[in-house]
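Each remark here refers to the structure printed beneath this line.
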Ligand SMILES: Nc1nc2c(ncn2[C@@H]2O[C@H](COP(=O)(O)OP(=O)(O)OP(=O)(O)O)[C@@H](O)[C@H]2O)c(=O)[nH]1
Ligand SMILES: [Mg+2]
């Protein structure tokens, strides 16, 4: 542990201290030397919170709805963690600033933990860091962890590797989007939401989405049929129903084999990311000046040299 580290940090996180969780999260996100020890200490708490992934196209209202959901859970005195996966591109930076402001209404609440993962979250693939961040939040005592992505169209499938329950958010004006909705999205969503139901056309969007869902449905009853709900993050309509559907899905996961299957997938992802990171780094450390000279002088080619280094 480094000089500045607090030997009682783990204990303080487990006791539910906000400041301690904040420090632990920073260490994990910055990949500090303490990160492995922290993950080890917190891992026994993993699986205690429902990890909810909120995804969908840009501007659908993911951030606004997340904020409403937090208010819903806080009425039940639940402890909530929010991990915001920022855009990696500066183009969508403005949208993120908006997210920040919307979520600020909960920033002073000691029962809510908000952290943005910058581009270390999931853009271009799930990162190892997000798992570590979740371990900290579960150790701190979160009942629900909401992972909010910025709609890039890529995150939907990735988020399935880290979340227990996936909420796919769309809006009435995105009817075409529903038509063209990728099969992958239809498969990974556990709950579908037509947000902005205060706007014109929400009934049609709801029925379009419901029929699109039933098209892909087989005759045999599935243990979980994804509900299609209408919400308005503006008025708060439908948020309690969304909360109920999320609780139902969590109960379903706990009662069925599906919960265990998803946990296995998440742990597999975390483990593979850890291994590939370690192997990658240690292999890169083995590259010598001599190796580079050999390449320049065509004494060996990169593939053969790479194979040799990996075998070392
Ligand atoms: N009328 C209406 N507007 C909404 C509703 N929910 C969100 N909005 C508005 O829609 C815009 C986008 O909302 P956000 O919550 O930032 O959407 P987002 O999905 O997080 O957007 P990105 O993070 O950029 O992908 C904002 O101007 C919100 O005020 C709703 O239920 N009804
Ligand atoms: Mg947002």
Requested in this report: Using the structure shown, decide if residue 151 is within 16 Å of ligand 1 (Cβ to nearest atom) and either modelled with pLDDT of 65 or more or within 21 Å of residue 70 (Cβ to Cβ) (or both).
Outcome: yes
Query raised in the report: Being touching a strand residue (DSSP E or B) at 6+ places or on another chain (Cβ under 8 Å), on the phi < 0 side of the Ramachandran plot and at pLDDT 65 or above, is that true of even one residue in region 86-98?
Result: no
Query - For residue 269: the one exception among (1) closer than 30 Å to residue 72 by Cα; (2) within 17 Å of the chain's Cα centre (by Cα) - result: (1)
Query raised in the report: Under the condition of being in contact with a helix residue (DSSP H, G or I) (Cβ under 6 Å, 6 or more places away or on another chain) and part of a helix (DSSP H, G or I), which residue from region 233-273 is surrounded by the most Cβ atoms within 10 Å (Cβ to Cβ)?
Result: 270
Query raised in the report: What about residue 32, is it outside the structural domain of residue 147 (by TED's automatic domain parsing), assigned to a helix (DSSP H, G or I) and either in contact (Cβ under 8 Å) with a residue 40 or more places away in the chain or over 26 Å from residue 165 (Cα atoms) (or both)?
Result: no
Requested in this report: Examine region 51-67 for a residue that is away from ligand 1 (no atom under 16 Å from the Cβ) and on the phi < 0 side of the Ramachandran plot, and state whether such a residue exists.
Outcome: yes
Report summary line: Checked 58, 33 against criteria (within 13 Å of ligand 2 (Cβ to nearest atom) and out of contact with any strand residue (DSSP E or B) (no Cβ under 9 Å at 6 or more places or on another chain)); the one match is 58
Query raised in the report: Out of (1) crowded, with 19+ Cβ neighbours inside 10 Å; (2) closer than 30 Å to residue 260 by Cβ, the odd one out for residue 48 is which?
Result: (1)
Requested in this report: Please work out if residue 293 is assigned to a helix (DSSP H, G or I) and assigned by TED's automatic domain parsing to the domain that holds residue 159.
Outcome: no
Query raised in the report: So residue 173 clears everything in (1) closer than 28 Å to residue 27 by Cβ; (2) surrounded by fewer than 19 Cβ atoms within 10 Å (Cβ to Cβ); (3) at pLDDT below 90 except one condition, right? Which one?
Result: (1)
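The values are calculated or read from the model by the stated rules, or taken from the named source; none is laboratory data. Computed from a predicted structure; not experimentally measured. Using ideal geometry, Cβ is built from the backbone for each residue, glycine included, and neighbour counts are taken over all protein chains shown.
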